[in-house]
Amino acid sequence: MNYVLVAIATMSRRAKSIGVHKCSGASAINIFSMFLFETGIVVLMSVIVALFIIFNTKDLIEDLLSVQLSSLFTLETLWVPILIVFVLFIVAGVLPGRLFSRIPVTQGFFVVTQMGKKGWKRSLLFVQFMGVSFVMGILLVSLMQYHHLINSDMGIRTPGLVEAETWMSPEEAENMVNDLRRQPMVENATRSMHGVLGEYWTRGLIDNSGKRIETLMYNPCDKNYAETMGITIIEGKDMQNEGDVLVNEEVVRLMKWTDGAVGKRLNDFDKAGTIVGVFRNVRNTSFLYKQFPVALVYSHNTSHTFDVRLKQPYDENLKKLNEYMEQVHSTKALEFIPIDTMLKEIYRNVYRFRNSVWITSTFILLIVVMGLIGYVNDETQRRSKEIAIRKVNGAEASTILRLLSRDILYVAVPSVLIGIVVSYFTGKAWLDQFAETIDMNALYFVGTALVIIALIVVCVVVRVWRIANENPVKSIKVE
């Protein structure tokens, strides 16, 4: 559409050359073919550049789409990009070509002013400004939400925490943990039945009246589990004896234990002993889901998941740990993975969405800037004599800059506001999939709108600066 805008906007300047072609014997079909050929060259160059970008960002594209790049360009699917290129060629070539081929010879030697009307140009800019503000608003929401998810307190200390899973007997598991603790790169090690992230074993949480009020998640683990994982105990003490139970704050809230939880027992939890402590809420199911009531139960029979707290430097020590496991315990198939990496995998869809919006925002911003530059160039050339006369009559460069900037702002302000408002409500709808969300502060969106408007004004000033400071005689003396 920007290409069409620029092509049609040059009609008043190219009308004479079209008239000369027609006087030299060119028919309407010749003129039409000339513009199709011109557009074809531009489309071909753009396709070549697009293919260059696609094949040089192969890994990024495959990560975003979760498919192989080769599967996107098969005989069964190749018609889609070919159709898109064809439609692009028709829109960008046929419309300007038809308009130029129909210019009468006599009219070609007069200044064509009809296409100087700004209504259709402003309508195109209005849509583009609205589009870029909408995408920028969505980008703001996705960036803030991803940052919130990654950096929110999980209830555990994730830096330096790594995990591996395999099944073995309780005796083998205890020996494995003891061996891990002796390694120089290890600060502490523990074992449990379930990984720290994900669902644990479940059973009903029963209140004092015998009514089931929620699903309780519980994880049998070693007695030093809370210490190794960096879980903060806010009431009572850590587990010491077989069957000791730690519960999180959500259990206390649901059970309405206003006088404390230590010393109490969970109903329908006969195999476990007394609650010895309360720990801060742990988001084992991540922030994609609500906070569940969680219990940790000390059991000697845990033999599935192994968690290790590494010493710094974490990456180097993780590499040493896995090399040691490969050399000494190769039959156990234990490969430790950072908890931070697991979290990023859980939020991969959010990460992909964020990156997709990043890329979309970048290209849309470039498209809008190109359209804006084309519009400003056309307006400054069309109004060059008007600007020159204003300067002769005492107008300064700042006055000319304000004149043309105000002309753009009449379009930019309402379109940006509409785009930002729509992005605000769209962002709220997108956040409904998360249990924990950012605060949708309207000031963030107002700031985004102001930045976009400021960028538009800067583009206008940069393009108009030369003609605003140019000697007005040059514009007036042109035929």
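Within region 331-399, the proportion of C-alpha pairs whose separation exceeds 15 Å stands at 75%.
Residue separation times 0.36 nm, minus the C-alpha to C-alpha distance between Ile48 and Asp153: what's the value? Intermediate results must be reported in sequence, preceding the final value.
Details: separation 105, 0.36 × 105 = 37.80 nm, distance 4.69 nm.
So the extension gain works out to 33.1 nm.
Taking the longest Cα principal axis of the chain as reference, the axis of helix 170-181 is set at about 60 degrees.
Does region 217-354 come out rounded, prolate or oblate by the C-alpha gyration tensor, with a ≥ b ≥ c the root eigenvalues, rounded set by a/c under 1.5 and, if not, prolate when a/b is larger than b/c and oblate if not? Oblate is the answer for region 217-354, as a/c is 1.5 or above yet b/c matches or exceeds a/b.
Note on region 46-105: along the principal axes its Cα atoms extend 55, 23, 16 Å, ordered by decreasing extent.
When the accessible area of the chain is split by element with a 1.4 Å probe, what percent falls to carbon and sulfur? Answer for the chain is 61 percent, counting heavy atoms of protein chains only.
Here the contact order of region 138-293, divided by its residue count and restricted to Cα pairs under 8 Å and six or more residues apart, works out to 25 percent. Here is the P(r) of region 180-266: all C-alpha pair distances, binned every 5 Å from 0, give 2, 12, 21, 23, 20, 12, 5, 3, 2, 1, 0 in whole percents.
Would the chain count as rounded, prolate or oblate if I go by the C-alpha gyration tensor, calling it rounded below 1.5 in a/c and otherwise prolate when a/b exceeds b/c, oblate otherwise? Could the numbers behind the result be given before it?
Numbers: a/c = 3.49, a/b = 2.54, b/c = 1.37.
Prolate, since a/c reaches 1.5 and a/b exceeds b/c.
Translational diffusion coefficient, Stokes-Einstein: compute it for region 17-64 using the Kirkwood radius over C-alpha pairs as Rh, at 37 °C and 0.692 mPa s, and state it as an integer in µm² s⁻¹. If you can, show how the numbers build up before the last one.
Values: Rh = 13.3 Å.
D = 246 µm²/s.
Qualifying trypsin sites (Lys or Arg not before Pro) in region 17-109, where qualification requires a DSSP coil assignment and no more than 16 other C-beta atoms within 10 Å, comprise Arg102. Expressed per residue, the C-alpha convex hull volume of region 291-365 stands at 188 Å³. Debye-formula intensities of region 319-446, expressed as log10 I(q)/I(0) at q = 0.09 Å⁻¹, are -0.57 (one equal scatterer per alpha-carbon, no solvent). For the pairs Lys223/Lys264; Lys237/Lys264; Lys223/Lys320; Lys290/Lys428, flag any whose C-alpha to C-alpha distance is greater than 22 Å. Checking Cα-Cα distances, Lys223/Lys320 exceed 22 Å.
Return the calculated 222 nm mean residue ellipticity for the chain, to the nearest 500 deg cm²/dmol, obtained by summing -39500 (n - 2.57) across DSSP H runs with n ≥ 4 and dividing by the residue count.
Numbers: 17 runs with 276 residues, N = 479.
Theoretical 222 nm ellipticity from helices: -19000 deg cm²/dmol.
Under the criterion of Cα pairs below 8 Å and six or more residues apart, the relative contact order for the chain equals 21 percent. Annotation for Phe86 and Glu214: the two label points, set 7 Å from Cα along the Cα-Cβ direction, are 5.9 nm apart.
By the gyration tensor of its Cα atoms, with a ≥ b ≥ c the square roots of the eigenvalues, what is the shape of region 369-410: rounded for a/c under 1.5, prolate for a/b over b/c, or oblate? Spell out each step's value before the answer.
Numbers: a/c = 2.94, a/b = 1.66, b/c = 1.77.
The shape class here is oblate.
Taking only C-alpha pairs under 8 Å that are 6+ residues apart, what is the relative contact order of region 196-238 in percent? Mind showing how you got there, number by number?
Details: 33 pairs, mean separation 12.0, N = 43.
RCO, region 196-238: 28 percent.
The values are calculated or read from the model by the stated rules, or taken from the named source; none is laboratory data. This one's a predicted model, so the numbers in the text were calculated from it and none came from an experiment. So basically every Cβ, Gly included, is an ideal-geometry build from the backbone, and we count neighbours across all protein chains shown. Accessible surface areas use protein heavy atoms only, side chains included; no ligands, DNA or RNA. Shrake-Rupley method; radii C 1.70, N 1.55, O 1.52, S 1.80 Å.
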